[in-house]
Amino acid sequence: MTRTSGYSLGLHAQRIVAGVTITPIPTTLLGLLEPAPSHGYELKREYDQLFGSGGKPLSFGQLYGTLSRLERDGHIAVHGAEPGDGPDRKRYVITANGVARLEAWLTQPEKPDPTLQAVLFVKVVLALLSDRPAADYLDRQRAAHLDRMRELTAMRKAGPLSRTLLADFGLYHLEADMRWIDITAARLDQLRKEIVR
Amino acid sequence: MTPILAAHEVTKSFGATPALRGATIDIAPGEIVAVLGPSGSGKSTLLHCMAGIFPPDSGTITFDGTRLDQLTDAARTKLRRTLFGFVFQFGQLVPELTAIDNIALPLLLDGVARRSAYARAGAWFPRLELDGLERRRTGELSGGQAQRVAVGRALVTTPKVLFADEPTGSLDSLTGEKVMDLMVGMARAEGSAMVLVTHEARVAAHADREVMVRDGLVTPLGVGV
């Protein structure tokens, strides 16, 4: 268990601190598939390169389990399978339903939680890969964060001190998210050049 | 509701550099609006134009039905002294004067009798939790105390609009929170609207709503860039 100065981090925070990317795998795979059809192995390589840094790579079990569920649900389809080859020779393509699911996930701001930078990072990268308006998504997230911060500000003013300190805890963490959002928004062009294939 | 202060399609350049490129914003009476944006986005220029400190190159600034951009310098100065209040990051107090002199100053400049001006100024010290510091020179006050004196000086005339530009920019977190709590609480008690320019989300969260200045334009948050 990660401990610093007697302060115990929550599991979610521990994973962030440890550098493990907390990625919603199904929508992330949809986002990677959208620009062009791809094989399972290629998807894994791209996923690990973009989102696995410092953490554990996507396992083949997670990869093929997720692809199979996405196919079952009609979000992807097999496109150009080569009979007799292993599962990694299947070529997958995103369907209209898959695009709709991806679009809904990208445009929906995440619940402001003190440790969600990793999910925002994934959304930004996928938006850039598919030429979607990443700056708009960040702006919506900014608005969702400020709404929550306004609630917490009201909570800290109402007191008592124990509640005030709890609200402060949330406010300082959300403020860190906001700084990350600002600095990322300012560097989107640079990031696009780095990651777009 | 009719806005107390409105900027419509305001442009302002400094030399060849455009700072505002058609900024539009309405402030309702008593409303607290945070203006967010990165450095150089034009947010401070917007505040200065709305407050009648800079005349815009084009566009209109309307305060309570009066076109601010059409007033003479003298009329704008008088309006700023009586109906607007200002809190800046620093450098706004007169260091040779005491705390109470600084708070009384806008009233004295406005022709209020000395005794009355000092009585009104003195009444702000307990509200600002500055009891006993009336006779201190402002150079002898801590940053947080000085900023609270600045809040008192800005609000002593019961302004219709308070303009605050990075009011906690030079303060530590705890002191900054105290200044924000007092400033917002007092502004609400006085019924003053507030234009709060900040780059800090935690400060902006004290407002009723936030707008973003990007490349000299004002956009609401959350509707896309």
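What follows draws every value from the coordinates through simple rules; no lab data is involved. No experiment lies behind these values; they were computed from the predicted model shown. We place every Cβ from the backbone using ideal geometry, glycine too, and count neighbours over all the protein chains shown.
Here are the numbers for this structure:
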quantity: Karplus (6.51, -1.76, 1.60) ³J(HN,Hα), θ = phi - 60°, over the stretch B:123-137, in Hz, Gly and Pro reported as x; calculated: 5, 7, 4, x, 4, 8, 6, 10, 3, x, 9, 4, 9, 6, 6
quantity: Cβ-based net charge around B:ALA34, under 9 Å, with every Lys or Arg adding one and every Asp or Glu removing one; calculated: -1
quantity: Net charge of neighbours whose Cβ lies under 9 Å from the Cβ of B:ILE53, counting Lys and Arg as +1 and Asp and Glu as -1; calculated: +2
quantity: Proximal lysines relative to A:LYS90, as straight alpha-carbon distance under 23 Å, when same-chain residues fewer than 8 apart are discounted; calculated: A:LYS44
quantity: Estimated FRET transfer efficiency (B:GLU9, A:VAL78; beta-carbon r; R0 60 Å; 0.05); calculated: 0.65
quantity: Which of B:LYS78, A:LYS90, A:LYS44 has the fewest Cβ neighbours within 10 Å, and the rest in rising order; calculated: B:LYS78, A:LYS90, A:LYS44
quantity: Ascending count of other beta-carbon atoms within 10 Å, so fewest first, for B:ARG21, A:ARG156; calculated: B:ARG21, A:ARG156
quantity: Other protein chain Cβ atoms within 10 Å, averaged over every residue that makes up A:175-182; calculated: 3
quantity: Whole-Hz ³J(HN,Hα) from phi, Karplus 6.51 cos²θ - 1.76 cosθ + 1.60, for the stretch B:58-73, glycine and proline x; calculated: 8, x, 10, 10, 10, 10, 6, x, 9, 6, 5, 6, 9, 6, 6, 4
quantity: Residue-averaged beta-carbon neighbours from other chains (10 angstrom radius) around B:193-204; calculated: 3
quantity: Cross-link table A:LYS123/B:LYS43; A:LYS111/B:LYS160; A:LYS123/A:LYS157; B:LYS43/B:LYS78, entries beyond 32 Å C-alpha to C-alpha; calculated: A:LYS111/B:LYS160; A:LYS123/A:LYS157
quantity: Sequence-distant residues sharing a close amide H with B:GLN89 (under 5 Å, placed H); calculated: B:ASP165
quantity: DSSP beta bridges in the protein assembly as shown [antiparallel fraction, %, rounded to 5]; calculated: 60
quantity: Antiparallel %, DSSP beta bridges [both residues in the stretch B:124-225], to 5; calculated: 45
quantity: Sequence of B:LYS12, B:LYS178, A:LYS111 once ranked by neighbouring C-beta atoms within 10 Å, starting from the fewest; calculated: A:LYS111, B:LYS178, B:LYS12
quantity: Neighbourhood net charge (13 Å Cβ-Cβ; Lys/Arg +1, Asp/Glu -1) for A:ALA167; calculated: +1
quantity: Percent antiparallel among DSSP beta bridges (both partners in chain B, rounded to 5); calculated: 55
quantity: Mean Cβ count within 10 Å, highest first, over the residues of peptides B:167-175, B:28-36; calculated: B:28-36, B:167-175
